[in-house]
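These notes concern the structure reproduced below.
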Amino acid sequence: MNGLGVIVLERIIVKPSEKVEPVYGTVTVKRGFARMQKGGVIMDVTNVEQAQTAEEAGAVAVMVLDKLPADVRKAGGVARMCDVKIIEEVMDHITIPVMAKCRIGHYMEARVLEAIGVDMIDESEVLTPADEHHHINKWEFKVPFVNGARNLGEALRRIAEGASMIRTKGEAGTGNVAEAVRHVKEVMGRIRELQSMNDEQLLDVARELKVPFELVKETALLGRLPVVNFAAGGIATPADAALMMHLGCDGVFVGSGIFKSDDPLERAKAIVMATTFWDDPETVAEACKMVVEKKSMSGVDIKTLKPEELMQTRGQ
Amino acid sequence: MKALPEVKVGVLNFQGAVSEHVEALNKTLKELNLKGQVLTVKTLEQLEEVKGLVIPGGESTTIGRLSAKELAPRIVERAASGMPILGTCAGLILMAKEVYDAKIGSVEQPLLRLMDMKAVRNFFGRQGESFEAPLTIPLLGREPFPGVFIRAPVVEKVWGEAEALATYNGKIVAVQQGRLLATVFHPELAEDLRLHKYLIKLVLDTL
């Protein structure tokens, strides 16, 4: 008996009058949305034209911002949620999902973004935090959230608050991939440690990280975060994107890297190609040939930034 | 009793819910007590190895563009020579002969155009309108199938040899045409293996 008998091939008769009631905003559909983004590139854009370029290049989603992170860094002052009109305009012109950022802890920016119908909200350290001590309780929302994290504690605390997706914080707007590398290795190294622990030790970790034991246990059993985990913060070239996939990320966010370069469409296509074929160096090489290093955004060495200029220390 | 042949099936591995389908197929083979292997498919060589294929959910524009150059023509040939394929969500869009977007209207994107059906992208709206609902799929028996709809399309109409397998409030959400299966919902996110089992059964029929 091979069990194929479970497939009933005799059709039953259904009354067409039965109306089914849908359930919205469940954990399955929120985390499921993030799963559909896996293996893809999510691109920061500031207007419809850039969003259409991103779609044409094969982006899985766009993140609409008022200013690209590199410009946020340059402009200084308070960085807030993007103009709602611009987000709506982008939503009206492309078929792929549209995401937008709200300030850490800013419930009303999040409610506004949910009300206009963005597909995912990034509660982001790139904007100036509205609450120095708390993140949004994301369980209250039907729209899924993505949050940044530098280490396992931050990642699990955000998941415990209801985040449906995690990304490394990296150091946004620098064009320097080093911090994103550090953050993903922090998270994954710590998870590998969890895998060899017994419950008693996992309880200690739960206390140390200030997260529920069940979440630590689930992470240890899965050997990975229980939600999709993307790379972000400083990815500027096809090789950077391939590196983050090689390190085990589920996909990448590219912020300033594309539209602060002088060859956005070619670069966007090349980064998509390098992300998909990261495990085939010949194809990554082909992707690298599509861009000119001289046209890459000029980077910032993180060591030259003052502590107060770092975005990654916001929202722990 | 004749020993069952080894089953090699693949999941198209450009983008989207690949690991979820791999896991579901591995569980299916195990439950059915079948010897087999689940491969991820990104190259022509990998495609030649498999006897059945899943095209997962994800972004249909992205998967379409990435597969257009090399794999798409070969997938079309394999489908024509009878390889069973299950397409879910984005996979259904790629398999449809005609596609348009509910809001934007006509869209230009590479398609496989394997099935006689017209798909409407983003029919229910954006992520906020994503939902779960139990479905009746007569082919799979009385037990309702847990439907997970994420920015889901619907099938506006089927013609020719395509046949609707299930509807949700009057809209077609699952279609079969010969050995080709397509759903607008995500069986890989549901704890229900009946559709994957049905795909494996179709694959066994070809061996």
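Across the stretch A:173-182, what is the number of residues that are assigned to a helix (DSSP H, G or I) and either surrounded by fewer than 24 Cβ atoms within 10 Å (Cβ to Cβ) or of a type in the set (Ser, Thr, Tyr) (or both)? Walk me through how you get there before you give the answer.
Going residue by residue through the stretch A:173-182, those that are assigned to a helix (DSSP H, G or I) are A:178-182.
Filter again for either surrounded by fewer than 24 Cβ atoms within 10 Å (Cβ to Cβ) or of a type in the set (Ser, Thr, Tyr) (or both), leaving A:178-179, A:181-182.
Residues meeting the conditions: 4.
Quick grid of which residues meet (1) aromatic (Phe, Trp, Tyr); (2) under 13 Å from A:Arg167 (Cβ atoms); (3) at pLDDT 95 or above:
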residue	(1), (2), (3)
A:Ala241	no, no, yes
A:Val252	no, yes, yes
A:Ile258	no, no, no
A:Asp262	no, no, no
A:Ala268	no, no, yes
A:Ala274	no, no, yes
A:Trp278	yes, no, yes
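Hey, among A:Arg267, A:Arg190, which residue is free of Cβ contacts under 8 Å to residues at least 60 places away in the same chain, within 17 Å of A:Val45 (Cα to Cα) and assigned to a helix (DSSP H, G or I)?
Working: A:Arg190 fails: within 17 Å of A:Val45 (Cα to Cα).
Unique residue meeting the criteria: A:Arg267.
If you check A:Gly40, A:Gly58, A:Gly76, which single one turns out to be farther than 30 Å from B:Ala68 by Cα and either within 14 Å of chain B (Cβ to nearest Cβ) or over 16 Å from the mean Cα position of the chain (by Cα) (or both)? Walk me through how you get there before you give the answer.
Numbers: A:Gly40 fails: farther than 30 Å from B:Ala68 by Cα; A:Gly58 fails: farther than 30 Å from B:Ala68 by Cα.
Result of the check over A:Gly40, A:Gly58, A:Gly76: A:Gly76.
Within the stretch A:91-112, track down each residue that is open to solvent by less than 30 Å² (accessible area, probe 1.4 Å) and within 14 Å of another protein chain (Cβ to nearest Cβ). Walk me through how you get there before you give the answer.
Applying the first criterion (open to solvent by less than 30 Å² (accessible area, probe 1.4 Å)) to the stretch A:91-112 yields A:91, A:94-102, A:104-105, A:109-110.
Passing the criteria: A:Met91, A:Ile94, A:Thr95, A:Ile96, A:Pro97, A:Val98, A:Met99, A:Ala100, A:Ala110.
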If you go through the stretch A:235-248 one residue at a time, how many are assigned to a loop (DSSP other than H, G, I, E, B) and open to solvent by 10 Å² or more (accessible area, probe 1.4 Å)? 3
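Per-residue answers, yes or no, for (1) hydrophobic (A, V, I, L, M, F, W, C); (2) more than 30 Å from A:Ser298 (Cβ to Cβ); (3) in contact with a Leu (Cβ under 9 Å, 6 or more places away or on another chain); (4) modelled with pLDDT of 95 or more:
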| position | (1), (2), (3), (4) |
| --- | --- |
| A:Ala160 | yes, yes, yes, yes |
| A:Ala163 | yes, yes, no, yes |
| A:Gly175 | no, no, no, no |
| A:Arg182 | no, no, no, yes |
| A:Val187 | yes, no, yes, yes |
| A:Ile191 | yes, yes, yes, yes |
| A:Glu208 | no, yes, no, yes |
| A:Thr219 | no, yes, yes, yes |
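Would you mind stating whether A:Gly76 is of a type in the set (Gly, Ala, Ser) and buried (at least 20 other Cβ atoms within 10 Å of the Cβ)?
Working: of a type in the set (Gly, Ala, Ser): yes; buried (at least 20 other Cβ atoms within 10 Å of the Cβ): no.
Answer is no for this residue.
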Test each condition in (1) surrounded by fewer than 22 Cβ atoms within 10 Å (Cβ to Cβ); (2) touching a Ser or Thr at 6+ places or on another chain (Cβ under 9 Å) for B:Glu45 and report the one that comes out false. (2)
So, of the residues in the stretch B:125-171 that are under 19 Å from B:Pro84 (Cβ atoms), more than 11 Å from every other protein chain (Cβ to nearest Cβ) and assigned to a loop (DSSP other than H, G, I, E, B), which turns out to be most open to solvent (accessible area, probe 1.4 Å)? B:Glu161
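Can you give me the ranges of the strands (runs of 3 or more DSSP E) entirely in the stretch A:113-172 with at least 2 residues that are surrounded by 24 or more Cβ atoms within 10 Å (Cβ to Cβ) and within 14 Å of chain B (Cβ to nearest Cβ)?
Details: elements: A:120-124, A:145-149, A:165-168.
So the answer is A:120-124, A:145-149.
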Count of residues meeting criterion [in a helix (DSSP H, G or I) and open to solvent by less than 10 Å² (accessible area, probe 1.4 Å)] in the stretch B:184-201: 5
The stretch B:100-124 residues that are more than 19 Å from B:Phe149 (Cβ to Cβ) and within 14 Å of another protein chain (Cβ to nearest Cβ), paired with ones that are open to solvent by 30 Å² or more (accessible area, probe 1.4 Å) and not small (Gly, Ala, Ser) (beta carbon under 7 Å, 6 or more apart): B:Ser106/B:Tyr100; B:Val107/B:Tyr100; B:Pro110/B:Arg65
Of residues in the stretch B:6-42 being assigned to a loop (DSSP other than H, G, I, E, B) and over 19 Å from A:Asp280 (Cα atoms), the one most open to solvent (accessible area, probe 1.4 Å): B:Lys35
Filter the stretch B:138-184 down to residues that are more than 20 Å from B:Lys197 (Cβ to Cβ) and of a type in the set (Val, Ile, Thr), then give me how many there are. 6
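The values are calculated or read from the model by the stated rules, or taken from the named source; none is laboratory data. Note that the structure is a prediction, hence the values are computed from the model and not measured. Because the Cβ atoms are built from the backbone with ideal geometry, glycine has one as well, and the counts that use them run over all protein chains shown. Keep in mind that these areas ignore ligands, DNA and RNA; they rest on the heavy atoms of the full protein, side chains included. Shrake-Rupley method; radii C 1.70, N 1.55, O 1.52, S 1.80 Å.
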